[in-house]
Structure formats: C-alpha cells, structure tokens
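Presented below is the structure to which this report refers.
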Amino acid sequence: MFRLDGKVAIVTGGFRGLGRSMCVMLGQAGAHVIAADVLPDEVGQATVDAVSQAGGKCELMRLDVTSAEQVDQAMRGVHKRLEHIDILVNNAGIARDNLLLRVSDEDIQKTFAVNVTGAINCARSAIRVMMRSKAGRVVNLASVVGETGNPGQVVYSASKAALIGLTKTLSREYASRGITVNAVAPGYIDTDMTKNLPEEAKKLMIGQIPLGRVGQPEDVAAAVMFLCSDEASYITGQVIRVNGGMYV
C-alpha cells in the first residue's frame, strides 16, 4: 500500500524542514523526487543524502516560485527529461510575523508572492503537464492558522487561508482530468521555525493541543504521502488537519 513507484514528484521548499521530510517519505515510497528551492545546493544536499539513505532517489532543482517564467521553464524541463510530472507538493513558504499595524508593505507583498502566487505558478505549470496524462496529485501546504487565525500572524494566516481557497477551486476545475488537489494544514510542528519560540510560548501552545505534544515533520509528511498515493484517488478538495486536535 501507498507505493509511488515510477512517479515523478516535485516538492517546493524541499531543501530543509518539512519539505525535506516529505522528500524522504515520497522517495522511500518509490517516487523519483525533485527537491526545488531557492536555497544554495549545499543546503539541499542534506535532503539528497537523507532520501538516498532511505532507499530513494532525489535530485535538486534551484527554483524561485515567485517567477512564473522560471517555474514554467523548470516544469517543461522536467517533463521533457522525465516524460511526466505526477505529483506537486506546494510547500515553499515564508512567515513574517507581526501585528497588523506593524506589518510593512514589503512583508505583505513578499509573503503573498511566495506563499500564494508561488503555489499558483507551480500548480498552473504542473497541471498543464498532468492534463496530458489525465492524472496527477497536487498537495498545498496550508496551516492551522489559516483556519483559526492567530494574533501576530495576520499576513501569514491570510496567505494560508488563500491556499485553502485555491485548493477547493482547483479541485473542482481539474477533477474531470483525473487530477486531485488537496491541502494539508499542520498545527504546531517541531521545525526550525518553532524551535526559536520562547519556552513560555511553547508551553502555552502545547496546552492547547489535546494530544499534549508537538507534532513531528514525519506526521505531516505521512499525510502528504497518503494524498499522493493511489489509495487517495477519491479524495479531492479536502483539508487534512495534522494538528493533534488543536483545531477540529
């Protein structure tokens, strides 16, 4: 079950954090993984090594998701070389947290450029290729705060809510072409981003989680992997919450 043998999977923001965990799990399931990111290749090499150690195959691709032209060229290149694109995981994202009255125009533009426009750019180019095969999987990484809101994350939460709207609309547009589009909304996950939170903030957050613990990147990657599998072929337009019961 949950095998992805022969599938080509592109994971944006795949050089570290949640993206790396997704690459490892997809590769372990048999997919040919392409980790795409704007970070230096030396950062991404750790992802390649991790996938290889798990028995999978992974390559790196430098990609700025905010550039529609660059994304389109990259997707065309993958299709020409590997003949198909089966899976797209829109994981690339940034967070510039601040209260509304302290948010700068640059914070707004950059966050939406990466989190929303980037996802749209990648989906548009990948789906164009997937339509030729009349099959495909798109998974967008949303967030619990896209559904609940969170003080100090006005721009980030708005961008993640936008991804949920994107997911629902694309699922309706391309279901007839055999393409499913779903979202995974992580809660409090143990990543580099959350490691920097003050201890008091961490305790407060854990107190809001019924399971009483922080989630691991593998918890999120497992949900992504399932949605990419054949076993999830009748699931589309959904938001899978990986949050320990933080929001139900």
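The values are calculated or read from the model by the stated rules, or taken from the named source; none is laboratory data. These numbers come from a predicted model, not from an experiment. All Cβ positions, glycine included, derive from the backbone under ideal geometry; neighbour counts span all protein chains shown. The accessibility values were calculated without ligands, DNA or RNA, using every heavy atom of the protein model including side chains. Shrake-Rupley method; radii C 1.70, N 1.55, O 1.52, S 1.80 Å.
Can you pull out the helices (runs of 4 or more DSSP H) entirely within segment 115-188 that have at least 1 residues that are among the polar types (S, T, N, Q), touching a residue at least 24 places away in the same chain (Cβ under 8 Å) and surrounded by 19 or more Cβ atoms within 10 Å (Cβ to Cβ)? Reasoning before the result, please.
Working: elements: 118-133, 145-148, 154-174.
Answer list for segment 115-188: 118-133, 154-174.
Need the failing condition index for Ala232 against (1) buried (at least 22 other Cβ atoms within 10 Å of the Cβ); (2) in contact with a helix residue (DSSP H, G or I) (Cβ under 6 Å, 6 or more places away or on another chain); (3) among the hydrophobic types (A, V, I, L, M, F, W, C), just the number.
If we test Ala232 against (1) buried (at least 22 other Cβ atoms within 10 Å of the Cβ); (2) in contact with a helix residue (DSSP H, G or I) (Cβ under 6 Å, 6 or more places away or on another chain); (3) among the hydrophobic types (A, V, I, L, M, F, W, C), just (1) comes out false.
Just name the residue that is nearest to Val144 (Cα to Cα) out of those in segment 189-211 that are in a loop (DSSP other than H, G, I, E, B), touching a residue at least 24 places away in the same chain (Cβ under 8 Å) and open to solvent by 20 Å² or more (accessible area, probe 1.4 Å). Please lay out each step first, then the result.
Filtering segment 189-211 for residues in a loop (DSSP other than H, G, I, E, B) gives 190-191, 196-198, 207-211.
Subset that is touching a residue at least 24 places away in the same chain (Cβ under 8 Å): 190-191, 208-211.
Right, trim to open to solvent by 20 Å² or more (accessible area, probe 1.4 Å) and you get 190-191, 208, 210-211.
Numbers: Asp190: 14, Thr191: 15, Gln208: 12, Pro210: 14, Leu211: 15 Å.
Top of the filtered list is Gln208.
Taking the condition open to solvent by 40 Å² or more (accessible area, probe 1.4 Å) and closer than 23 Å to Asn121 by Cα, does Lys57 pass?
Working: open to solvent by 40 Å² or more (accessible area, probe 1.4 Å): yes; closer than 23 Å to Asn121 by Cα: no.
No.
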